[in-house]
Each structure stands twice: as C-alpha cells, then as structure tokens.
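To start, the structure under review is shown below, and the notes come after it.
Derivation of every value follows stated rules applied to the coordinates shown; laboratory data play no part. Worth saying up front: this structure is predicted, and the values here are computed from it rather than measured. When we count neighbours, we look across all protein chains shown, and the Cβ atoms used for this are built from the backbone with ideal geometry, even at glycine.
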Amino acid sequence: MGVSGSKARRPGLDAMLKDARKRKFGVVIVFAFDRVARSVRHFLGVVDELDSLGVEFLSRRENIATDGAMGRLFLTIISSIAELEADLIKERIRAGMRRRKLDGLPVGRQPLNIDHDAVAEDRLRGLSLTETAKRHGISRATVVRFVREARQRGLTEQSVVCAA
C-alpha cells in the first residue's frame, strides 16, 4: 500500500535519508521535484539535509542544477507551485463533495452490494483468496475483511462445514 506524498513521514523517504546519512550514495535522482514532498518547507528541509550530507539532488523533469543561489530560487519556486497545485486539487475535491451533498447525491465510494456471508463461507470452505475474490468480483483485501468480520460474528470453518 502506498503512502501519501502529503505526509512528512514516509517509509521510503525516511529509509533514503537514513542511507544518505550513512554515506551509501552521493546522488539522488527523482522524476520530479513534486515527487519528494508537497510542502515547500518539507521539500527544502529534505534538500538541505541532502546538501549538508554532500549528496547531489537531481530532477529528471526540471533538469535544474540545485546548487547555488539560482538553483535554490528555482527549487523554491517549483516546490511552491507543486504545493499550490496540491492545495487546488484538494479544494476542488471538497467543493465537488459539497456540491454533491447539496444536490442530495451520495458522496464517496458506494457500498458493495455483495453477500458478505457468502464470500466468507466460500473462503472458509477452502477456496483460495484469489479464487474467492474473482468469484465475487472483489479485491483480495475485501475478502480478508469480510472473513474477519464473519469470524467476529461467530462464523467459523466448523459452522460452515456443518451447514453444508
């Protein structure tokens, strides 16, 4: 499962910075500046730390030298634009959700119209996770969740076998 780029603490980024502190590499190449962080403050903090460790920071898309005054200016401008873009997207999503609510329309993902117990029973009868998911047209994670919920309600392998 991925971790949002809007979070300052991300396992991949944290591991990369840990390795940088151990001097395991001398260059970080990213696809774009906005893939590192969504806030200017966090982005500049990461770049500052890499710079203090002697690690060069390169972006494939922007192709800008990040050292020196002009490089620093471009870093700040581009990261500000990325932060603005992320904020605008959030505002549009919230506005769309408000609009749907005002129109009396459902907001968010619609509930699955699936017999939860049938899914759990198939899985508990011995169907593999993948087979159960395919049979019901749902994800494997949903199968696991339905089985967990069924077990909490008291449905077990024995009760499924006895019922058959």
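Taking Lys and Arg as +1 and Asp and Glu as -1, the other residues whose beta-carbon sits under 14 Å from that of Arg94 total +4.
The fraction of Cα-Cα pairs per 5 angstrom bin, counted from 0 for the chain, comes to 1, 7, 12, 12, 10, 8, 8, 10, 10, 10, 7, 3, 2, 1, 0 percent, rounded to whole percents. Given axes a ≥ b ≥ c from the Cα gyration tensor, I'd like to know whether segment 64-150 is rounded (a/c under 1.5), prolate (a/b larger than b/c) or oblate. It is oblate, given that a/c is not under 1.5 and a/b is not larger than b/c.
Backbone geometry of segment 51-65 corresponds, through the Karplus equation with coefficients 6.51, -1.76 and 1.60 at θ = phi - 60°, to 3J(HN,Hα) couplings of 4, 5, 8, x, 9, 6, 10, 10, 10, 5, 6, 6, 6, 10, 5 Hz, x marking Gly and Pro. Mean residue ellipticity, 222 nm, helices only, the chain: the sum of -39500 (n - 2.57) across DSSP H runs of n ≥ 4, divided by residue count and rounded to 500, is -19000 deg cm²/dmol. Note on the chain: lysine pairs with Cα distance below 26 Å, sequence gap of 8 or more or different chains, count 5.
Mean-square fluctuations from a GNM of the chain, with a 10 angstrom spring cutoff on Cα atoms, peak among Ser139, Ser59, Ser39 at Ser139. Treat segment 11-102 as a sphere of radius equal to its Kirkwood radius over Cα pairs and apply Stokes-Einstein at 20 °C in a medium of 1.002 mPa s; give the translational diffusion coefficient in µm²/s, rounded to a whole number. In µm²/s, the coefficient is 148. Model label points for Leu58 and Ser128, set 7 angstrom from Cα along the Cα-to-Cβ axis, are 4.3 nm apart. With respect to the chain, whose longest principal axis is taken over its alpha-carbon atoms, helix 11-21 is tilted by about 40°. Put a dot 7 Å past the Cα of Arg98, heading toward its Cβ, do the same for Lys22, and the two dots end up 4.8 nm apart.
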